[in-house]
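Below is one structure, written out as structure tokens; the observations come after it.
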Amino acid sequence: MILTDQQILQEIEKGTILIQPYDVKNLGTNSYDVHLGKFLATYVDEILDAKKHNPIDVFEIPSDGYVLEPNQLYLGVTEEYTETLDHVPFLEGKSSVGRLGIDIHATAGKGDVGFCNTWTLEISVSQKVRVYPGMPIGQLIYFKTEGSIKNYYNKKKNAKYNERTIKPVESMMWKNSF
């Protein structure tokens with residue numbers, strides 16, 4: 001079941017959902033709009049290796065915008081820091097963003113219960129498009145869980161994305177054993 005606007009507000013009041021900064025004007029009927037943070041990143045190497053750490057080049061988006069290019073993966077970040085302690089958060093692109101040909105996540109739209117951080121975005125575009133810091137980029141949708149939770153993300157010893165940040169975070173696949 002997806003939380004409605006009233007249920008999201010109730011969970012914020014209970015402390016099971018935290019959104020910083022929070023502005024009621026970003027609350028939709030059953031979602032909360034999030035915004036593009038001021039940092040983007042690209043991978044340094046042309047060939048990425050899943051078994052090694054792939055460094056990224058982080059840069060600030062100028063106030064007059066930055067043109068994203070097709071065939072380039074950009075890592076972005078949300079302005080909003082979120083904590084979700086009793087629900088499963090899903091991040092989806094806004095339809096207006098999709099209509100500009102911008103995809104904001106390659107595969108990872110679902111967060112875990114206990115995820116506490118900004119959201120790194122895996123951004124790709126179908127044609128050149130200028131983006132701006134602070135522009136609406138996506139929406140968070142919250143699903144109710146059933147049953148008790150044994151392993152909250154923010155308590156896992158092997159969680160790879162727990163360090164609080166305002167910048168995009170590169171893949172930590174290399175930390176897995178395979």
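What are the residues in region 156-178 that are farther than 18 Å from residue 123 by Cβ and among the charged types (D, E, K, R), if any?
Passing the criteria: 156, 157, 160, 163, 164, 175.
Checking the structure you have, find out if any residue of region 94-109 is touching a residue at least 60 places away in the same chain (Cβ under 8 Å) and exposed (fewer than 13 other Cβ atoms within 10 Å of the Cβ). If you could, list the steps in order and put the result at the bottom.
Of the residues in region 94-109, the ones touching a residue at least 60 places away in the same chain (Cβ under 8 Å) are 94.
With exposed (fewer than 13 other Cβ atoms within 10 Å of the Cβ) added as a condition, the list becomes none.
No, because not a single residue in region 94-109 is touching a residue at least 60 places away in the same chain (Cβ under 8 Å) and exposed (fewer than 13 other Cβ atoms within 10 Å of the Cβ).
For residue 77, indicate whether it is crowded, with 16+ Cβ neighbours inside 10 Å and not in a loop (DSSP other than H, G, I, E, B).
It is true that residue 77 is crowded, with 16+ Cβ neighbours inside 10 Å and not in a loop (DSSP other than H, G, I, E, B).
Can we say residue 147 is modelled with pLDDT of 90 or more, assigned to a loop (DSSP other than H, G, I, E, B) and either out of contact with any Pro (no Cβ under 8 Å at 6 or more places or on another chain) or surrounded by fewer than 20 Cβ atoms within 10 Å (Cβ to Cβ) (or both)? It would help to see each step written out before you state the result.
Numbers: modelled with pLDDT of 90 or more: no; assigned to a loop (DSSP other than H, G, I, E, B): yes; either out of contact with any Pro (no Cβ under 8 Å at 6 or more places or on another chain) or surrounded by fewer than 20 Cβ atoms within 10 Å (Cβ to Cβ) (or both): yes.
Answer is no for this residue.
Suppose the filter is at pLDDT 95 or above, of a type outside the set (Phe, Trp, Tyr) and over 20 Å from residue 76 (Cα atoms); does residue 51 pass it?
It is true that residue 51 is at pLDDT 95 or above, of a type outside the set (Phe, Trp, Tyr) and over 20 Å from residue 76 (Cα atoms).
Starting from region 150-161, keep only residues that are closer than 15 Å to residue 82 by Cα, then list their pairs with residues that are of a type in the set (D, E, K, R) and surrounded by 13 or more Cβ atoms within 10 Å (Cβ to Cβ) whose Cβ atoms are within a distance under 7 Å, requiring at least 6 positions of separation or different chains.
153/112
Report every pair of residues separated by at least 6 positions or lying on different chains whose Cβ atoms are under 6 Å apart, first residue within region 71-84 and more than 24 Å from residue 54 (Cα to Cα), second β-branched (Val, Ile, Thr) and at pLDDT 95 or above.
80/19; 80/34; 81/118; 82/19; 84/17
Might you check whether a residue that is surrounded by fewer than 16 Cβ atoms within 10 Å (Cβ to Cβ), in a loop (DSSP other than H, G, I, E, B) and of a type in the set (S, T, N, Q) occurs anywhere in region 122-133?
So in region 122-133, the residues surrounded by fewer than 16 Cβ atoms within 10 Å (Cβ to Cβ) come out as 126-128, 130, 132.
Subset that is in a loop (DSSP other than H, G, I, E, B): 126-128, 132.
Now drop any that are not of a type in the set (S, T, N, Q), which leaves 126-127.
Yes, region 122-133 contains at least one residue that is surrounded by fewer than 16 Cβ atoms within 10 Å (Cβ to Cβ), in a loop (DSSP other than H, G, I, E, B) and of a type in the set (S, T, N, Q).
Please go through region 127-147 and give me each residue that is closer than 22 Å to residue 4 by Cα and either in contact with a strand residue (DSSP E or B) (Cβ under 9 Å, 6 or more places away or on another chain) or of a type in the set (Gly, Ala, Ser) (or both), ordered by number.
136, 137, 138, 139, 140, 141, 142, 143, 144, 145, 147
The values are calculated or read from the model by the stated rules, or taken from the named source; none is laboratory data. Everything numeric in this text was worked out from a predicted model, so none of it was measured. Note: ideal-geometry Cβ built from the backbone for every residue, glycine included; neighbour counts use all protein chains shown.
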